[in-house]
Amino acid sequence: MKQIPSISLRELKANNRETIESLASACQYWGFFRLVDLDLKKRTTDQLLATMKVFFDLPHEEKRQLSRTEKNPWGYFDQELTKNKQDWKEIFDLGLDQAPSHNHSQTPWPSRLQGFRETMVQWHQLCETISLTLLESIVQSLKLPTSSLTQHFTKGNSSFLRLNHYPVCKAPADPTEDFPTEGHLGIYHHTDAGAVTVLLQDEVSGLQIRHNDTWTTIDSENNSLIVNVGDLIQVWSNDRYKAPLHRVLANSKQDRFSAAFFLNPDSATNCIPQTGEKPRYRSVNWDEFRSARAAGDYANIGDEVQISDYRL
(Lines give C-alpha, C1' and ligand atoms only; values in the text may rest on other atoms or scores of the structure.)
Protein backbone atom coordinates (compact mmCIF):
# COMPACT_ATOMS: atom_id res chain seq x y z
CA MET A 1 0.00 0.00 0.00
CA LYS A 2 1.29 3.47 -0.88
CA GLN A 3 2.14 5.79 1.98
CA ILE A 4 1.62 9.52 1.77
CA PRO A 5 4.62 11.68 2.79
CA SER A 6 5.15 12.60 6.44
CA ILE A 7 6.03 16.17 7.39
CA SER A 8 7.24 17.31 10.81
CA LEU A 9 5.30 20.23 12.28
CA ARG A 10 8.13 20.82 14.73
CA GLU A 11 10.61 21.25 11.85
CA LEU A 12 8.24 23.50 9.91
CA LYS A 13 8.01 25.79 12.93
CA ALA A 14 11.82 25.86 12.96
CA ASN A 15 11.86 26.80 9.23
CA ASN A 16 14.00 23.78 8.45
CA ARG A 17 14.98 24.10 4.78
CA GLU A 18 14.90 20.37 4.01
CA THR A 19 11.44 20.05 5.57
CA ILE A 20 10.16 23.00 3.52
CA GLU A 21 11.48 21.24 0.39
CA SER A 22 9.76 18.01 1.47
CA LEU A 23 6.56 19.98 1.96
CA ALA A 24 6.85 21.40 -1.57
CA SER A 25 7.29 17.89 -2.97
CA ALA A 26 4.34 16.54 -0.97
CA CYS A 27 2.07 19.37 -2.14
CA GLN A 28 3.18 19.04 -5.75
CA TYR A 29 3.00 15.27 -6.18
CA TRP A 30 0.36 14.25 -3.64
CA GLY A 31 -1.57 17.24 -2.33
CA PHE A 32 -1.84 15.20 0.88
CA PHE A 33 0.61 14.53 3.70
CA ARG A 34 0.69 13.20 7.24
CA LEU A 35 1.64 15.84 9.81
CA VAL A 36 3.74 14.41 12.66
CA ASP A 37 5.72 15.75 15.64
CA LEU A 38 2.65 17.64 16.79
CA ASP A 39 3.63 17.97 20.45
CA LEU A 40 -0.01 17.21 21.29
CA LYS A 41 -1.10 15.30 24.35
CA LYS A 42 -3.01 12.16 23.42
CA ARG A 43 -5.71 12.98 25.96
CA THR A 44 -6.52 16.11 23.91
CA THR A 45 -7.44 14.11 20.81
CA ASP A 46 -9.04 11.35 22.87
CA GLN A 47 -11.28 13.89 24.60
CA LEU A 48 -12.26 15.46 21.29
CA LEU A 49 -13.30 12.14 19.75
CA ALA A 50 -15.10 11.03 22.91
CA THR A 51 -17.04 14.32 23.07
CA MET A 52 -18.00 13.97 19.40
CA LYS A 53 -19.32 10.46 19.99
CA VAL A 54 -21.47 11.66 22.90
CA PHE A 55 -22.96 14.37 20.69
CA PHE A 56 -23.75 12.09 17.75
CA ASP A 57 -25.26 9.56 20.15
CA LEU A 58 -27.96 12.08 21.11
CA PRO A 59 -31.53 11.36 19.90
CA HIS A 60 -31.99 12.36 16.28
CA GLU A 61 -34.73 14.87 17.04
CA GLU A 62 -32.53 16.58 19.60
CA LYS A 63 -29.72 16.95 17.06
CA ARG A 64 -32.11 18.23 14.41
CA GLN A 65 -33.12 21.07 16.72
CA LEU A 66 -29.55 22.32 16.15
CA SER A 67 -29.81 22.07 12.36
CA ARG A 68 -28.10 24.53 10.06
CA THR A 69 -30.21 26.51 7.62
CA GLU A 70 -29.73 28.14 4.25
CA LYS A 71 -28.98 31.41 6.07
CA ASN A 72 -26.92 29.98 8.94
CA PRO A 73 -24.16 27.56 7.86
CA TRP A 74 -23.39 26.36 11.39
CA GLY A 75 -25.01 23.41 13.12
CA TYR A 76 -26.18 19.87 12.50
CA PHE A 77 -26.96 18.38 9.08
CA ASP A 78 -27.58 14.84 7.83
CA GLN A 79 -28.55 15.35 4.20
CA GLU A 80 -25.40 16.82 2.65
CA LEU A 81 -24.86 16.25 -1.05
CA THR A 82 -21.57 15.75 -2.88
CA LYS A 83 -21.73 15.54 -6.66
CA ASN A 84 -25.53 15.67 -6.18
CA LYS A 85 -25.48 12.40 -4.22
CA GLN A 86 -26.34 12.18 -0.54
CA ASP A 87 -23.36 11.28 1.61
CA TRP A 88 -23.66 8.48 4.19
CA LYS A 89 -22.85 10.70 7.17
CA GLU A 90 -24.06 13.27 9.65
CA ILE A 91 -22.11 16.41 10.51
CA PHE A 92 -21.90 19.33 12.89
CA ASP A 93 -20.25 22.51 11.59
CA LEU A 94 -19.05 25.26 13.89
CA GLY A 95 -17.46 28.64 13.34
CA LEU A 96 -16.08 31.11 15.85
CA ASP A 97 -17.26 34.38 14.30
CA GLN A 98 -19.71 35.32 17.02
CA ALA A 99 -19.66 39.10 16.42
CA PRO A 100 -23.02 40.91 16.92
CA SER A 101 -23.13 41.77 13.21
CA HIS A 102 -23.18 38.04 12.45
CA ASN A 103 -26.00 36.99 14.77
CA HIS A 104 -27.64 35.07 11.91
CA SER A 105 -24.51 32.87 11.69
CA GLN A 106 -23.95 31.73 15.23
CA THR A 107 -23.21 28.15 16.20
CA PRO A 108 -26.25 26.51 17.90
CA TRP A 109 -24.43 24.78 20.75
CA PRO A 110 -26.06 21.74 22.45
CA SER A 111 -26.97 23.16 25.86
CA ARG A 112 -27.02 19.98 27.91
CA LEU A 113 -23.64 18.55 26.85
CA GLN A 114 -21.25 19.86 29.47
CA GLY A 115 -17.85 20.75 28.03
CA PHE A 116 -18.87 20.31 24.38
CA ARG A 117 -18.48 23.96 23.42
CA GLU A 118 -15.20 24.39 25.31
CA THR A 119 -13.69 21.24 23.76
CA MET A 120 -14.64 22.22 20.22
CA VAL A 121 -13.53 25.85 20.56
CA GLN A 122 -10.17 24.68 21.91
CA TRP A 123 -9.69 22.28 18.99
CA HIS A 124 -10.79 24.91 16.47
CA GLN A 125 -8.22 27.36 17.83
CA LEU A 126 -5.49 24.73 17.92
CA CYS A 127 -6.15 23.71 14.32
CA GLU A 128 -6.23 27.33 13.20
CA THR A 129 -2.77 27.88 14.70
CA ILE A 130 -1.43 24.74 13.01
CA SER A 131 -3.05 25.66 9.69
CA LEU A 132 -1.56 29.16 9.68
CA THR A 133 1.87 27.65 10.30
CA LEU A 134 1.28 25.33 7.34
CA LEU A 135 0.16 28.25 5.19
CA GLU A 136 3.31 30.22 6.01
CA SER A 137 5.41 27.16 5.13
CA ILE A 138 3.54 26.73 1.84
CA VAL A 139 4.25 30.38 1.04
CA GLN A 140 7.95 29.74 1.70
CA SER A 141 7.91 26.60 -0.45
CA LEU A 142 6.48 28.62 -3.36
CA LYS A 143 9.12 31.33 -2.77
CA LEU A 144 6.45 34.01 -2.43
CA PRO A 145 6.52 37.14 -0.23
CA THR A 146 5.54 36.25 3.33
CA SER A 147 2.33 38.28 3.40
CA SER A 148 1.12 37.36 -0.11
CA LEU A 149 -1.32 34.76 1.21
CA THR A 150 -1.33 35.19 4.98
CA GLN A 151 -2.79 38.71 4.66
CA HIS A 152 -6.11 37.13 3.73
CA PHE A 153 -6.32 35.18 7.01
CA THR A 154 -4.90 37.31 9.81
CA LYS A 155 -7.50 40.10 10.01
CA GLY A 156 -10.36 37.62 10.10
CA ASN A 157 -11.25 34.50 8.20
CA SER A 158 -14.14 32.17 7.43
CA SER A 159 -12.50 28.97 8.70
CA PHE A 160 -14.60 26.33 10.39
CA LEU A 161 -14.51 22.94 12.09
CA ARG A 162 -16.61 20.03 10.86
CA LEU A 163 -17.40 17.02 13.03
CA ASN A 164 -18.15 13.91 10.95
CA HIS A 165 -19.97 10.73 11.92
CA TYR A 166 -20.18 7.91 9.36
CA PRO A 167 -22.75 5.39 10.68
CA VAL A 168 -22.67 1.70 9.83
CA CYS A 169 -24.02 1.26 6.31
CA LYS A 170 -25.90 -1.85 5.15
CA ALA A 171 -25.17 -1.18 1.48
CA PRO A 172 -21.72 0.40 1.03
CA ALA A 173 -20.44 1.07 -2.48
CA ASP A 174 -17.85 -1.30 -3.90
CA PRO A 175 -14.46 0.23 -2.93
CA THR A 176 -12.83 -1.32 -6.01
CA GLU A 177 -14.98 0.82 -8.29
CA ASP A 178 -13.45 4.14 -9.29
CA PHE A 179 -16.74 6.04 -9.40
CA PRO A 180 -19.49 3.70 -8.17
CA THR A 181 -23.10 4.19 -9.16
CA GLU A 182 -24.52 1.61 -6.72
CA GLY A 183 -24.38 1.58 -2.93
CA HIS A 184 -23.26 4.40 -0.65
CA LEU A 185 -20.09 6.33 0.07
CA GLY A 186 -19.39 8.27 3.25
CA ILE A 187 -18.47 11.23 1.02
CA TYR A 188 -18.39 11.13 -2.75
CA HIS A 189 -15.29 12.26 -4.66
CA HIS A 190 -14.49 15.97 -4.36
CA THR A 191 -11.78 18.53 -3.73
CA ASP A 192 -11.85 20.93 -0.79
CA ALA A 193 -12.81 24.49 -1.69
CA GLY A 194 -10.59 26.41 0.74
CA ALA A 195 -6.85 26.72 1.38
CA VAL A 196 -5.79 23.94 3.77
CA THR A 197 -7.66 21.10 5.50
CA VAL A 198 -6.40 19.53 8.75
CA LEU A 199 -8.06 16.21 9.64
CA LEU A 200 -8.12 14.12 12.79
CA GLN A 201 -9.27 10.52 12.21
CA ASP A 202 -10.31 7.90 14.72
CA GLU A 203 -8.93 4.36 14.51
CA VAL A 204 -11.22 3.34 11.61
CA SER A 205 -9.69 4.01 8.19
CA GLY A 206 -11.90 5.13 5.31
CA LEU A 207 -10.37 8.22 3.70
CA GLN A 208 -9.12 7.61 0.16
CA ILE A 209 -7.19 9.89 -2.18
CA ARG A 210 -6.97 9.71 -5.96
CA HIS A 211 -3.30 9.35 -6.88
CA ASN A 212 -2.00 8.29 -10.30
CA ASP A 213 -5.55 7.32 -11.32
CA THR A 214 -5.88 4.94 -8.36
CA TRP A 215 -7.74 5.25 -5.06
CA THR A 216 -5.34 4.91 -2.11
CA THR A 217 -6.55 4.45 1.48
CA ILE A 218 -4.91 6.65 4.11
CA ASP A 219 -4.37 4.58 7.24
CA SER A 220 -5.42 5.93 10.61
CA GLU A 221 -2.39 6.42 12.85
CA ASN A 222 -2.13 7.84 16.35
CA ASN A 223 -0.29 11.10 17.00
CA SER A 224 -0.71 12.46 13.50
CA LEU A 225 -3.03 14.65 11.46
CA ILE A 226 -3.83 14.40 7.76
CA VAL A 227 -3.41 17.58 5.71
CA ASN A 228 -4.45 18.40 2.16
CA VAL A 229 -4.35 21.53 0.03
CA GLY A 230 -7.57 22.95 -1.38
CA ASP A 231 -8.77 24.77 -4.47
CA LEU A 232 -7.48 28.18 -3.36
CA ILE A 233 -3.91 26.91 -3.00
CA GLN A 234 -4.29 25.42 -6.47
CA VAL A 235 -5.20 28.87 -7.83
CA TRP A 236 -2.60 30.80 -5.81
CA SER A 237 0.13 28.36 -6.95
CA ASN A 238 -1.14 28.48 -10.55
CA ASP A 239 -1.57 24.67 -10.63
CA ARG A 240 1.82 23.90 -9.09
CA TYR A 241 0.00 22.45 -6.08
CA LYS A 242 -3.25 20.83 -7.17
CA ALA A 243 -6.14 20.15 -4.81
CA PRO A 244 -6.40 16.34 -4.68
CA LEU A 245 -9.56 14.40 -5.35
CA HIS A 246 -10.62 12.36 -2.31
CA ARG A 247 -13.57 10.43 -0.92
CA VAL A 248 -14.61 8.47 2.18
CA LEU A 249 -15.78 4.86 2.07
CA ALA A 250 -18.91 3.69 3.87
CA ASN A 251 -18.40 0.84 6.33
CA SER A 252 -20.72 -2.12 6.93
CA LYS A 253 -19.19 -3.06 10.32
CA GLN A 254 -17.97 0.01 12.20
CA ASP A 255 -18.95 3.62 12.82
CA ARG A 256 -16.26 6.14 11.92
CA PHE A 257 -15.58 9.60 13.35
CA SER A 258 -13.35 12.42 12.16
CA ALA A 259 -12.90 16.16 12.67
CA ALA A 260 -11.90 18.32 9.71
CA PHE A 261 -10.71 21.92 10.10
CA PHE A 262 -10.97 24.02 6.94
CA LEU A 263 -8.67 27.04 6.77
CA ASN A 264 -10.58 29.60 4.70
CA PRO A 265 -9.75 33.27 4.02
CA ASP A 266 -11.67 36.43 4.71
CA SER A 267 -14.93 36.46 2.77
CA ALA A 268 -13.87 39.45 0.64
CA THR A 269 -10.71 37.72 -0.64
CA ASN A 270 -10.10 37.74 -4.38
CA CYS A 271 -7.82 34.82 -5.18
CA ILE A 272 -5.48 35.14 -8.19
CA PRO A 273 -2.31 33.23 -9.18
CA GLN A 274 0.78 34.51 -7.36
CA THR A 275 3.71 32.76 -9.04
CA GLY A 276 4.42 35.33 -11.72
CA GLU A 277 3.78 32.92 -14.58
CA LYS A 278 1.01 33.34 -17.13
CA PRO A 279 -2.14 32.96 -15.00
CA ARG A 280 -4.29 29.90 -15.56
CA TYR A 281 -7.22 31.28 -13.57
CA ARG A 282 -9.28 34.42 -13.48
CA SER A 283 -9.90 36.01 -10.11
CA VAL A 284 -11.86 33.83 -7.68
CA ASN A 285 -13.94 35.77 -5.18
CA TRP A 286 -14.02 33.53 -2.13
CA ASP A 287 -17.46 34.54 -0.88
CA GLU A 288 -18.99 33.92 -4.30
CA PHE A 289 -17.17 30.61 -4.84
CA ARG A 290 -17.83 29.22 -1.36
CA SER A 291 -21.48 30.29 -1.43
CA ALA A 292 -21.99 28.47 -4.72
CA ARG A 293 -20.28 25.34 -3.39
CA ALA A 294 -22.31 25.47 -0.16
CA ALA A 295 -25.55 25.77 -2.13
CA GLY A 296 -24.63 22.56 -3.94
CA ASP A 297 -23.98 20.82 -0.60
CA TYR A 298 -27.32 21.93 0.77
CA ALA A 299 -29.56 21.11 -2.20
CA ASN A 300 -29.42 19.60 -5.66
CA ILE A 301 -28.91 22.64 -7.89
CA GLY A 302 -27.61 20.80 -10.92
CA ASP A 303 -23.93 20.91 -11.85
CA GLU A 304 -21.80 21.93 -8.88
CA VAL A 305 -19.51 24.94 -9.24
CA GLN A 306 -15.90 23.76 -9.48
CA ILE A 307 -12.60 25.62 -9.47
CA SER A 308 -12.14 24.50 -13.07
CA ASP A 309 -14.98 26.87 -13.96
CA TYR A 310 -12.55 29.72 -13.27
CA ARG A 311 -9.86 28.51 -15.67
CA LEU A 312 -8.70 30.86 -18.39
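The values are calculated or read from the model by the stated rules, or taken from the named source; none is laboratory data. Treat the numbers as computed from the prediction; the structure is a model and nothing was measured. Quick reminder, even Gly has a Cβ in these numbers, built from the backbone with ideal geometry, and neighbours come from all protein chains shown.
Worth a mention:
- Number of the exception - A193 against (1) small (G, A, S); (2) touching a strand residue (DSSP E or B) at 6+ places or on another chain (Cβ under 6 Å); (3) touching a residue at least 40 places away in the same chain (Cβ under 8 Å): (2)
- Criterion (surrounded by fewer than 18 Cβ atoms within 10 Å (Cβ to Cβ) and of a type in the set (S, T, N, Q)) met by exactly one of S224, S308, S258, S237: S308
- Output for the range 218-248, where each listed residue is β-branched (V, I, T) and over 12 Å from the mean Cα position of the chain (by Cα): I218, I233, V235, V248
- Applying a threshold of 9 Å to beta carbon distances and a minimum spacing of six or more residues, or different chains, the list of pairs starting in the range 279-302 at a residue that is closer than 17 Å to H190 by Cβ and ending at one that is assigned to a helix (DSSP H, G or I) and modelled with pLDDT under 70 reads I301/A295; G302/G296.
- Scanning the range 201-212 for residues that are in contact with a strand residue (DSSP E or B) (Cβ under 7 Å, 6 or more places away or on another chain) and outside any loop (DSSP other than H, G, I, E, B) yields Q201, L207, Q208, I209, R210.
- Test set (1) in contact with a helix residue (DSSP H, G or I) (Cβ under 7 Å, 6 or more places away or on another chain); (2) closer than 28 Å to S220 by Cα - K41 fails condition number: (1)
- For V139: the one exception among (1) touching a Pro at 6+ places or on another chain (Cβ under 9 Å); (2) closer than 28 Å to K242 by Cβ; (3) touching a residue at least 40 places away in the same chain (Cβ under 8 Å); (4) not in a loop (DSSP other than H, G, I, E, B): (3)
- Checking each residue in the range 142-162 for being surrounded by 23 or more Cβ atoms within 10 Å (Cβ to Cβ) and part of a strand (DSSP E or B) picks out only L161.
- No other residue among Q114, Q106, Q125 is modelled with pLDDT of 85 or more, farther than 30 Å from G183 by Cα, under 16 Å from the mean Cα position of the chain (by Cα) and of a type outside the set (S, T, Y) apart from Q125.
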